Amino acid sequence: MSALLQIFGSLKLTVILLSASMVLIFFGTIDQVEYGIWHTQKLYFESFVVAWQYPAVWPAGDQLTWLRIPMFGGYTIGGLMLINLTVAYTRRFSLKAAKLGLYAIHLGLMLLIVSELLTDLLAQESQMTVPENGRANYSQTVRENELVLIDRSHPEHDRVHALPTHLLKPGRTLDIPDTSLRARVINFYPNAQLVRAPEAKSPANRGVAAKMGVTAIPKAPDYSEKAINTATAYIEILEGEASLGTWLLSNVLDERFPAQTVQANDRDFKIALRFQRHYYPFEIELLDFAHDKYPGTEIPFNFSSKIVTHHPDSAKNQQALIYMNHPLRYEGHTFYQASFSPDETATILQVVRNPGWLLPYVSVLLMGLGMSYQFGLHFRKYLKKRNTA
C-alpha cells in the first residue's frame with residue numbers, strides 16, 4: 001500500500017498528467033475548428049478516453065483517415081490529478097509557516113478540479129425568449145425534447161406532465177405521471193420530415209397532423225451547433241385498455257399550429273412533443289431591447305436587455321440591464337445576453353444554472369493568496385540577506 005501511495009503521490013505522475021493535459025488541449029483545439037466548442041468539450045474533456053482522427057480535409061486526408069491517436073480524456077486526467085494532489089497533500093502535510101502558501105495553492109487547485117466536475121454533472125444551459133413588453137417564466141433547450149400532456153382545466157394555471165424522449169421506444173407503453181392515462185409509442189423518429197400522405201397510410205387518427213406522414217432523415221450530428229433535429233412520434237393515448245386515439249407529434253408543430261387535445265376524465269389535455277422546458281417560480285419582463293450598430297454599417301457593437309423580475313415575494317423583484325459580460329444572477333440562475341429575434345422585437349437570454357459556480361472563484365483566490373504568501377516569504381528572506389550583507 002505504501003508503494004502504491006508513493007506512485008500516486010509522486011511528482012513524476014504530476015509531470016506526466018500535466019503533459020497529457022497539454023496534448024489533450026492541443027488536439028482538442030484542432031478539432032474545435034471542425035466540430036465546434038460544444039462537441040469538443042463533450043468528446044475531449046468530458047470523457048475518459050478519446051482518439052484523435054486525422055482530418056479528411058487535411059493534405060492526403062483520404063489516405064490518412066486511418067491514423068488515430070488515442071489519449072486520456074479530461075475525466076481520466078482530472079481524476080488522476082485530483083488523486084495525485086490529495087495523496088501528495090496528505091502524505092507530506094506538516095503544519096509549517098514556510099509551507100502554508102504551497103498548501104493553499106494545492107488546495108485551490110483541488111477545488112478547481114472538483115468545481116469542473118460539478119459543472120459537468122450539474123450545470124444546465126437553456127435559452128429564454130422574451131418579447132418586448134412581454135413576460136416569460138420558462139427556458140428551453142433545442143438539444144433535448146419531451147412528450148407533454150398539459151392539464152388546462154384549472155382557470156389560473158396549467159399542470160404539465162412530461163416524459164423525456166429517451167423513454168420513447170417503439171412498442172413501449174408508458175404511464176403518464178399523476179394521471180390515469182398511458183402513452184403507447186407506435187413509432188419515434190429522432191429526426192424526420194413531415195409530408196402530406198393519404199390518411200390510410202398514417203397511424204394517426206386525431207389532431208391537426210392526422211393527414212400527414214413522416215419521412216425519416218439522418219439525425220444531425222451531436223456536434224452540430226446550428227442544425228436542429230425534428231423529433232417526431234406517433235403516440236396512442238390509452239385510458240385503461242380503451243384507446244382515445246393516435247396523434248402525430250413533432251417539435252415543429254409548435255404554437256403556430258392549433259393545439260392538439262385529448263379529452264379524459266372530463267378534462268382537456270393538450271398533447272405535444274416539444275423542446276424540453278425549465279419552468280421558474282418567477283417571470284422575466286422585457287422593458288426595452290437595444291441593438292446598437294456602428295454608424296453607417298450593419299455591424300453590431302452592443303445589444304442589451306432592460307428587464308424586471310416578477311417574483312411571488314415582491315421583496316425579490318428587481319430591475320437590471322443585461323448586456324455582454326454583464327449577466328444577471330437571480331435565484332440561483334445566471335442570465336446572459338445571448339441573441340435576439342430577427343425582427344429585434346424579442347431578446348434571447350442564455351440561462352445557466354450551476355450550483356458550483358462559486359468554487360472556481362474560491363479556488364483562484366486560494367491560489368492567488370498562496371502564491372502571494374510564498375513570494376512575500378522568499379522576498380522577505382532575500383531582503384534580510386541583502387541587509388545582512
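Taking only the alpha-carbon positions of the range 292-336 and ignoring solvent, what does the Debye formula give for the base-10 log of I(q)/I(0) at q = 0.31 Å⁻¹? Taking Cα atoms of the range 292-336 as identical point scatterers yields -1.12. Were the residues from LYS219 through ASP158 laid out at 0.36 nm apart, the gain over their Cα-Cα distance would be 18.7 nm. Paramagnetic label reach from TRP66 (point 7 Å along Cα→Cβ; backbone nitrogen cut-off under 15 Å): within the range 8-46, no residues.
Each Lys and Arg Cβ is given +1 and each Asp and Glu Cβ -1; about its Cα centre, the range 141-279 then shows a dipole of about 520 debye.
So if each residue of separation counts as 0.36 nm, and I subtract the Cα-Cα distance between ASP120 and ILE299, what length gain in nm does that give? Walk me through the numbers before you get to the answer.
On the way: separation 179, 0.36 × 179 = 64.44 nm, distance 3.44 nm.
Contour length minus Cα-Cα distance gives 61.0 nm.
So if we plug the beta-carbon distance of VAL15 and ILE37 into 1/(1 + (r/R0)^6) with R0 = 41 Å, what FRET efficiency do we get, rounded to 0.05? Please report the intermediate quantities before stating the final value.
Details: r = 29 Å, r/R0 = 0.70.
Between VAL15 and ILE37 the formula returns 0.90.
Label separation (LEU377 vs TRP357): 3.5 nm, computed from points 7 Å beyond Cα along the C-beta direction.
Would you mind pulling out the separation of the Cα centroids of the range 362-389 and the range 148-168, in Å? Here the two parts' Cα centres lie 60 Å apart.
Zone of SER2 (label point 7 Å along Cα→Cβ, backbone N under 20 Å): which residues in the range 49-92? Flagged as within label range: 87-92. In the range 141-279, the ratio of gyration radius to Kirkwood radius, Rg to Rh, stands at 0.95 when only Cα atoms are counted. Please identify which residues in the range 238-266 have an amide N closer than 11 Å to a label point set 7 Å out from the Cα of THR173, following the Cα→Cβ vector. Hits in the range 238-266 for THR173 at 11 Å: 238-243. Taking only the C-alpha atoms of the chain, the Rg (one decimal) and the largest Cα-Cα distance, Dmax (whole number), read 27.6, 101 Å. The separation of the range 269-330 from the range 206-268, counted between C-alpha centres, amounts to 30 Å.
Applying 1/(1 + (r/R0)^6) with r as the Cβ-Cβ distance of LYS270 and ARG329 and R0 = 30 angstrom yields a FRET efficiency of 0.35. Applying 1/(1 + (r/R0)^6) with r as the Cβ-Cβ distance of ASP288 and TYR75 and R0 = 51 angstrom yields a FRET efficiency of 0.70.
The Cβ shell under 12 Å around GLU285 holds other residues with a net charge of -1, Lys and Arg each +1, Asp and Glu each -1. Among the listed pairs LYS211/LYS270; LYS270/LYS306; LYS42/LYS316; LYS169/LYS211; LYS96/LYS385; LYS42/LYS293, give every one whose C-alpha distance is greater than 31 Å. Long pairs (Cα-Cα over 31 Å): LYS270/LYS306; LYS42/LYS316; LYS42/LYS293.
Values quoted throughout were computed directly from the atomic coordinates according to the rules given, and no laboratory measurement underlies them. These numbers come from a predicted model, not from an experiment. Cβ atoms come from the backbone with ideal geometry, glycine included; neighbour counts cover every protein chain shown.
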